[in-house]
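The structure appears right after this line, and notes come after that.
A short reminder: the numbers here are calculations on the coordinates, not readings from a lab. Not measured: the values here are computed from a predicted model. Cβ placement follows ideal geometry from the backbone for every residue including glycine, while neighbour counts extend to all protein chains displayed.
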Amino acid sequence: MAMTYTELQTNVKDITEMTFTDAQLSMFTKQVEQRIYGIIKDLPILRTTFSETFTASSGKVLPADCLYVHSVTQQSSGDTVNRKALVSKDLDFLLEAYPLATQTTTTSDPEVKYYALNSSSTTDESASRMVLTLAPKWATAVTIQVDYQYQPRSIVDTDGTEEQPWLGTNYDTALLNGVLVEAAKFMKAEPDMVQMYEQQFVLGLQQLQNTVDVRLKSDSYRPQKQMPKPIPMPQPTPEQQGQ
């Protein structure tokens, strides 16, 4: 069942029987989103591509929502589109192995072999600080496609008319219980109450982990036999055990 941010706020207030400010609920929600995306790695729904034409002597600043790069491929020119995966290398390797600004070539479709990630010197905090550098650097332009994991829009930043973020639409149980954990800690609730919310949060994460590890990586012809690794359940504290 999908849940909007307005519904999430109402549910948290009703369950805890407490009133929170908008700033507090926003902080709880964004912290939980970051926690979920940090635990559930490489969620396929959060992968996207970036295609650009690279010139000979310059790198490309990656999109501002890029968290990390999965792969980089070169797209050939001509009627038939072929893609070749580039090999990830350290920037120092590229600078030492290919010190020239460009390499001479007579082909209209030069072959690029390696890529490296460098940091941008921009002072704009909203811009990306990741720069993609290629080698060898040819005198002509090449088309490069980057497959990367992006930073999803928070459910907090929706106004109710936009399409809801994937997490709130598909796995609102994990989101709600995660926010309840943060709210309970903020209220300094009883340890057993925090423990209960933590357990429900982990169960919601386990459902999401199962989707990522099995359902999204399987089909009718190539079933995924490996079961997802269980997420550790929070253990009771000494206070909860009556010690």
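With both labels modelled 7 Å from their Cα along Cα-to-Cβ, the residue 27 to residue 207 distance reads 2.9 nm. Using only the C-alpha atoms, the convex hull of the stretch 129-207 corresponds to 189 Å³ per residue.
For the stretch 1-53, the percent of C-alpha pairs falling in each 10 Å distance bin, counted from 0 to the bin holding the largest distance, reads 18, 38, 26, 13, 4, 1. Here's how it looks for residue 114: its modeled amide H is under 5 Å from those of 87, 135, which are all 5 or more places away or on a different chain.
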